Amino acid sequence: MSDSNSSTSWNNIPSPASTSSPTGSDQGNTFMQTYTARRRQILDVLNVLTSLGIQNDIDLPRAAVLGSQSAGKSSLIESMSGISLPRASGTCTRCPMECRLQFGETWSCNVMLRFEFDSNGKKLSTPREVSFGGLISDKADVTARLRRAQRAILRPSIDANKFLDDSDLETNGPSLSFSKNYVCIHVRGPEVPDLTFYDLPGIIANVSDGGNEKDIQLVEDLAKLYINQPNCIVLLVITCETDFENQGAYRLIKADESLKTRTVGVLTKPDRIEPGNEQRWLKILRNESNTLENGWFAVKQPDFQQLERGISWEAARIGERDYFSSTQPWSSLEDKHRNRIGSIALADHLGQMLSDLASTKLPAILASINRLLEDVDEELKQYPAPTYDDPKREIIMLLRNFTKDVAKHIEGLPPSCTDDPADPSTAGLVYSINKEYEEFRLQVHRTAPQFRPWERVDGINPSVRRNLLKEVKVDDPPSGCTGNEFYIEEVMDLAERSRTRELPGNYPFAVKVTYIDETIRSWMGLAEKCFEKVRDRMIDHINRLVQNHFGRYAHGGLLETVK
C-alpha cells in the first residue's frame, strides 16, 4: 500500500468544487493539467475500443465493482458518477452496468443496451449496442431510464422501445432473473471524473422463497467472468455493517492470489460499525489485516432519509467530508492514511490506476489489433470483391437462392460419388428422413399382437409348438416383437363374453376392435419420437444450408439474423 507521507489536514481534502483545480505553483498546475489531459485521452481510447466490442477479442483494461448484495455498491457508484440508481423494491442489480464517466463542459447522459449473449447465454458472433431513448440532460430522469433499461435486458424478446413508456408492463411473458448482457451509461459533465467501470450484480448467499437456487452460482460465475480477466482492476466493496468473514465477495478474491495484486478495497457504511469494533476496521483501512497490494479506502454515503429528501451529489460529498473530519476514530487517523478517505479520493485513485494500466498495455493492445486486422485482411482476400450496388437486391437474391436450394433438398437430391456414406453431414435430406420412417415402420410392425393357438398353461409338445409357429405368414412381425401375447383360451373367453344377439358361430366385430385398440395404443409415442427425430434431421440439414449460403456474412450480422 503506497501512501503519501506529506502532512494533510482535513480542510485540504478535495471538495467537489476543487477536484479539477489542484493548488500549487503555475508549473505544478501545468504539469497536472498535462497529466490529466493525457489520462483523459487514454481513457477515451479505452471507451472507443469498448464501444466497438474489441473486448470480445482482446483483454482490455477495465475496472469492475464487486461486492455482496446490500454492501453499498449502488451508493458508491452514485458517489463517483453523480447519478441516482434505482432503489425501489425488486430493482437490485440483475445485470452488469457499464459506467463510462467523462469530463465535459455540460452535463449529459446517454443510456444504451449491449447484447453479447443470446437468451440461452450463448455468446453472439457480433455484439449489438442499441441506443435506449434519447440524450438525457436532467439528472432526475436517469433513475427511471436505468430501471427500464434493466427490464429491457431481462426481457430481450420484447422490443426495447416498449420499455421506454412502461408498455412492457402490459405484456405477459417470462423474465430472466439475471443476464450477462448489460446496460451502458455514458455520463459527461464538468465535475465527472474520467473513469470507466462495470457494476456487477451483488454476490448472493441464498434466494427468497420461490427463487431459483441456480441463481447463486450464476451470479458468482458472472462475477468471475469479469474479475478473472488479467487486465481487470477489481473494486472490492465491503460493508462495515456485517462481519468481514460473512461477505462472500472477499472469498472470490482470497481464493486467487493474482487477484489481490489488482484489487482495491472499499469500506462502506462506517457509521454502522458496532461500538467497540472500530479498531478492527481501522486495521483493514491501514492494510494491516486482510491486506491488498493496492490497499483500502473508506467512504460514507447518505443514509436512507437523506436519499428520500433528494440530497444533491455536492451536499453528499460535503457531508461525507464532515463525517470523517468530526467522527472518531476517523478524525484521528494518521496523515498518511487520510488520502484513503472519501469517494472523490477513491475515484481519482481508481482513474489513475486504470489509466496507468492502459498506458502500459496499449502498445500490446495495438499490436494485437494489428494482428487481428491482418488475419481479417487475409480472410477477405479469399472472397471475391463485393459489388453491392443494390444491397436490397443482393439480399433478395441470397434468400431466393437459399429457398431454391431448400426446395431441391426437400424434393430429393442424389448423393455425390465423393460423399462419405459414414458421414451424416453428406447424407441427403430425404434419405436421412426415410431412414427414420423405415425405423418407425419396423417399430410399428413389432407391436403386432402375438396370437398363440394353445392355452397359456397348456404343456404343449415343443415340436408341435414349432410346427404351429412355422405356419406364421411371412409378413408377420419380425424378431424383436414387443406386441402382447394372446392365448387361445383368452381370445375365446373374450369372444364369448362379447356375444349379444349374434347367430350361432358368429362373434361380434367388437372383439377385433378390442384387440386393435390394445395394439395401436403405443403408436402415438412411437409417432412422436419419429417426428422429433425427423424434425432434428431437418433442423441440422437446414442449418448446414444456412451456413453454406450465409456463412461468409457472419461478421456483418446477417448469418445471426437468418438463424
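Of a type in the set (Asp, Glu), farther than 23 Å from residue 152 by Cβ, in contact with a helix residue (DSSP H, G or I) (Cβ under 7 Å, 6 or more places away or on another chain) and modelled with pLDDT under 80, is that true of residue 57?
Judged against the criteria, residue 57 is a match.
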- Message: Just to be sure I understand, how many residues within segment 260-291 are over 23 Å from residue 336 (Cβ atoms) and crowded, with 19+ Cβ neighbours inside 10 Å?
- Response: 1
- Out of 254, 300, 283, 269, which single residue is of a type outside the set (S, T, N, Q) and under 23 Å from residue 352 (Cα atoms)? 300
- Item | Options 19, 34, 30, 91: the member that is within 25 Å of residue 341 (Cβ to Cβ) and modelled with pLDDT under 75 | 19
- So which of 108, 125, 137 ends up being hydroxyl-bearing (Ser, Thr, Tyr), open to solvent by less than 30 Å² (accessible area, probe 1.4 Å), touching a residue at least 24 places away in the same chain (Cβ under 8 Å) and over 13 Å from residue 179 (Cβ atoms)? 108
- Scan segment 195-203 and give yes if some residue there is more than 21 Å from the chain's Cα centre (by Cα) and either closer than 24 Å to residue 63 by Cα or among the β-branched types (Val, Ile, Thr) (or both), otherwise no. yes
- Task: Determine whether residue 311 is out of contact with any Cys (no Cβ under 7 Å at 6 or more places or on another chain) and part of a loop (DSSP other than H, G, I, E, B).
- Result: yes
- Flagged in segment 106-123 as over 23 Å from residue 197 (Cβ atoms) and either assigned to a strand (DSSP E or B) or not small (Gly, Ala, Ser) (or both), in numbering order, are 118, 120, 122
- Task: Name every residue in segment 339-352 that is closer than 21 Å to residue 72 by Cα and in a helix (DSSP H, G or I), in order of residue number.
- Result: 343, 344, 345, 346, 347, 348, 349, 350, 351
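Filter segment 218-233 down to the residues that are open to solvent by 10 Å² or more (accessible area, probe 1.4 Å) and either over 30 Å from residue 358 (Cβ atoms) or not charged (D, E, K, R) (or both) and list them by number.
218, 225, 226, 228, 229, 230, 231
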- Item | Residue in segment 250-271 that is on the phi > 0 side of the Ramachandran plot, more than 31 Å from the chain's Cα centre (by Cα) and either in a helix (DSSP H, G or I) or not aromatic (Phe, Trp, Tyr) (or both) present | no
- Query: Is there a residue being charged (D, E, K, R) and at pLDDT below 70 anywhere in segment 443-458?
  - Reply: yes
- Query: Any idea how many residues of segment 160-190 are within 23 Å of residue 84 (Cα to Cα), out of contact with any helix residue (DSSP H, G or I) (no Cβ under 8 Å at 6 or more places or on another chain) and in a loop (DSSP other than H, G, I, E, B)?
  - Reply: 2
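Go through 168, 194, 215 for me and flag whichever is in contact (Cβ under 8 Å) with a residue 60 or more places away in the chain and either surrounded by 22 or more Cβ atoms within 10 Å (Cβ to Cβ) or under 24 Å from residue 118 (Cβ atoms) (or both).
194
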- Members of segment 39-62 that are without any contact (Cβ under 8 Å) to a residue 24 or more places away in the chain and either open to solvent by 50 Å² or more (accessible area, probe 1.4 Å) or not in a helix (DSSP H, G or I) (or both): 41, 48, 52
- Going through segment 486-501 one residue at a time, which ones are under 26 Å from residue 452 (Cα atoms) and open to solvent by 50 Å² or more (accessible area, probe 1.4 Å)? 488, 489, 490, 492, 493, 496, 497, 499, 500
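Residues are listed down the side, and each one gets a yes or a no for (1) surrounded by 11 or more Cβ atoms within 10 Å (Cβ to Cβ); (2) in contact with a helix residue (DSSP H, G or I) (Cβ under 9 Å, 6 or more places away or on another chain):
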site	(1), (2)
328	no, yes
332	no, no
336	yes, no
353	yes, no
360	yes, no
- Item | Candidate set: segment 234-247, residues that are more than 23 Å from residue 78 (Cβ to Cβ) and not acidic (Asp, Glu); chosen: the one surrounded by the most Cβ atoms within 10 Å (Cβ to Cβ) | 244
- Item | Filter pass, residue 72 being modelled with pLDDT of 75 or more, out of contact with any Leu (no Cβ under 6 Å at 6 or more places or on another chain) and over 30 Å from residue 230 (Cα atoms) | no
- Would you mind finding the one in 504, 508 that is open to solvent by less than 80 Å² (accessible area, probe 1.4 Å), at negative phi and part of a loop (DSSP other than H, G, I, E, B)? 508
- From the list 463, 416, 432, which one is among the polar types (S, T, N, Q), within 25 Å of residue 548 (Cα to Cα), open to solvent by less than 80 Å² (accessible area, probe 1.4 Å) and modelled with pLDDT under 75? 416
- Name the residues in segment 63-74 that are of a type in the set (Ser, Thr, Tyr) and surrounded by 22 or more Cβ atoms within 10 Å (Cβ to Cβ), would you? 74
- Check 316, 347 and return the single one that is surrounded by 15 or more Cβ atoms within 10 Å (Cβ to Cβ), under 28 Å from residue 46 (Cβ atoms), modelled with pLDDT of 85 or more and under 32 Å from the mean Cα position of the chain (by Cα). 347
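The values are calculated or read from the model by the stated rules, or taken from the named source; none is laboratory data. For clarity, every value in this text was computed on a predicted model and none was experimentally measured. Here the Cβ is made from the backbone with ideal geometry for all residues, glycine too, and neighbour counts use every protein chain on show. Heads up: the accessible areas ignore ligands, DNA and RNA and are worked out on the full protein's heavy atoms, side chains in. Shrake-Rupley method; radii C 1.70, N 1.55, O 1.52, S 1.80 Å.
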